[in-house]
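Structure first, then comments.
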Amino acid sequence: MFCQQCGETLNSTAVFCPACGHQQPVIAGSAPPPLPSGNGVIPAIPFRPPVQIKAAGGQWISQAWEIVKTDIGLFMGLTVLYVIVGSIGSVLTQGPMQAGFYLACMKKLVRGRMEIGDLFLGFNFFVAAFVAALLIAIFSTIGVLLCIIPGLVISAMYMFTYLFVVDKRLEFWPAMEASHAVVKNDYVGFVLFLLGIVLLNMVGVLCCIVGVFVTIPISMMAITIAYRELVGFEPNTV
């Protein structure tokens, strides 16, 4: 757990940062919520990432492969189902299915195991995931039309959106803003990380298309590993 003001590492039960004194947002079951404002409404606290964030794309992709290959059959089955349901449901299911895939990756990292059914847990966050997917698709398409590179930058900006939705329980726009808050610390590094993922999946397509059933889970796991390293999982999520 990190202070959202200065990035200091905190105990999971900390209410105030010992370094800067900033009051921390509540985590279910750990600390009391912040005091309400004068109108009785608890103010929303925007996510602030830890300082000095740098992307380590090659390292994250390498770590993802080491994890995926230990359970490659289940990961491939998860991907097949992800592609089939995504093809049938198209725009409606894209966001929730991605959210579910990330949850499955989180379970693998935390518990060392996952299940095919985890893929559908993303539908518990249907509205936030659906709207986020729609907005990201629109923004990325506009960026690609402008000159491809802006599309890559926009896609990189929002790569952690679904993880913020399922892990921090954020709505679509705060989740997108939180993802951008992380990525903007190293735009070049994260764009290169995303480009590495794109090239990896292109190789998967060239391998008689079947290769994508391996490269897609590596991509998802790499992003999940990056999120765990830079932001950290909430203890009550998985």
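Residues of region 197-238 that are within 13 Å of the chain's Cα centre (by Cα) and farther than 17 Å from L170 by Cβ: S219, M220, M221, A222, I225, A226, E229. In region 153-205, which residue that is within 27 Å of M76 (Cβ to Cβ) and not hydrophobic (A, V, I, L, M, F, W, C) is modelled with the lowest pLDDT? That would be G204. Within region 180-230, the residues that satisfy the criterion of being of a type in the set (V, I, T), surrounded by fewer than 16 Cβ atoms within 10 Å (Cβ to Cβ) and out of contact with any Gly (no Cβ under 9 Å at 6 or more places or on another chain) are V188, V198, I209.
Condition check ((1) out of contact with any Pro (no Cβ under 9 Å at 6 or more places or on another chain); (2) of a type in the set (V, I, T)) across all residues:
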| residue | (1), (2) |
| --- | --- |
| P150 | yes, no |
| T161 | yes, yes |
| F164 | no, no |
| D167 | yes, no |
| F172 | yes, no |
| M176 | yes, no |
| F193 | yes, no |
| L199 | yes, no |
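For region 168-179, the criterion of a residue being of a type in the set (D, E), in a helix (DSSP H, G or I) and either without any contact (Cβ under 8 Å) to a residue 60 or more places away in the chain or crowded, with 23+ Cβ neighbours inside 10 Å (or both) is satisfied by no position.
The values are calculated or read from the model by the stated rules, or taken from the named source; none is laboratory data. Computed from a predicted model, the values in this text were never measured in an experiment. Reconstructed Cβ throughout: ideal geometry from the backbone, glycine too, with neighbour counts over all protein chains shown.
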